[in-house]
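Heads up: the structure comes next, in structure tokens.
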Amino acid sequence: MEGSTYVDLFATKGIEYLLVIGFLAIFVLFWRYINTPIQAWVVPETAKRTIALTEGWFHLADGYFYHQGHSWAVPEGNDVVKVGIDDFAQKLLGRLNSITLPQIGEQVQQGEKGWELRIDSKSLPMLSPIDGEVLSINEEVLRSPELINLDPYGKGWLMKIKVPQMKADLKNLLSGRVAKAWIGETVNALRQRVDGSLGILLQDGGVPVPGIARNISEENWYQLAREFLMS
């Protein structure tokens, strides 16, 4: 028709339509994101950190029996058990200045004070994992307590003890999968403490700094010892 003009509404409004569609798409994605359960994206990351700490930092030796105060016992036959300090304890405390062991012939009791560690100006008793009579002590570790840090399940052993009721004593300790579950729970508890009341004492990637106890106050030192080493 003469004098009339054809207007293509889609052509003139196309960009606006695309903007509206794009906005709706973004809105839908945002809505789904904020309504996603927290567990779906937080828990897996927490689990990864826990696994990394347990498997990459604290080591449990196979075939050993563990006291919850972080000492260990391993049978050597003829009612004789070798005892020592586990990897968690030595990494928690860091380099040791000295260690005081009982005399040969003395009696130790499961869950009672077995020896004492010295770290700088601090002293810390640790609990014996079993009952019995001290048959021998590791003289080398008395001269070089750093052996506990270098090889806690080998050259860093502390004593050999004659245990009259070995089966009963070992039954009270943790081993195998139970021990691994226990150290996992211990790692979680340590993470909560170092991320909170003890301040930030982690290296990159969430791995605890060796010798955490050296970096905290005297009051928190004893609190940490009581909680994790049961002293």
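So, Lys122, is that one open to solvent by less than 60 Å² (accessible area, probe 1.4 Å), farther than 21 Å from Gln68 by Cα and under 23 Å from the mean Cα position of the chain (by Cα) or not? Yes: the conditions hold for Lys122. When only residues in the range 93-119 that are under 17 Å from Gly156 (Cβ atoms) and among the polar types (S, T, N, Q) count, which is least open to solvent (accessible area, probe 1.4 Å)? Within the range 93-119, the match that is least open to solvent (accessible area, probe 1.4 Å) is Ser98. Counting only residues that are in contact with a helix residue (DSSP H, G or I) (Cβ under 9 Å, 6 or more places away or on another chain) and at pLDDT below 95, the range 118-129 holds 6 of them.
When Gly132 is tested against (1) farther than 19 Å from Arg226 by Cβ; (2) at pLDDT 95 or above; (3) open to solvent by 30 Å² or more (accessible area, probe 1.4 Å), just one condition goes unmet, and that condition is (3).
I need the full set of residues from the range 54-63 which are part of a helix (DSSP H, G or I) and in contact (Cβ under 8 Å) with a residue 24 or more places away in the chain, in order please. If the condition is that a residue be part of a helix (DSSP H, G or I) and in contact (Cβ under 8 Å) with a residue 24 or more places away in the chain, then Thr54, Gly56 are the ones that fit. Of the residues screened, Leu147 is not one that is under 23 Å from Asn78 (Cβ atoms) and part of a helix (DSSP H, G or I).
The values are calculated or read from the model by the stated rules, or taken from the named source; none is laboratory data. As the structure is a prediction and not an experimental result, all values here were calculated from the model. FYI the Cβ positions are ideal-geometry reconstructions off the backbone, even for glycines, and counts take in every protein chain you see. In case anyone asks, the SASA skips ligands and DNA or RNA and just uses the protein heavy atoms, side chains included. Shrake-Rupley method; radii C 1.70, N 1.55, O 1.52, S 1.80 Å.
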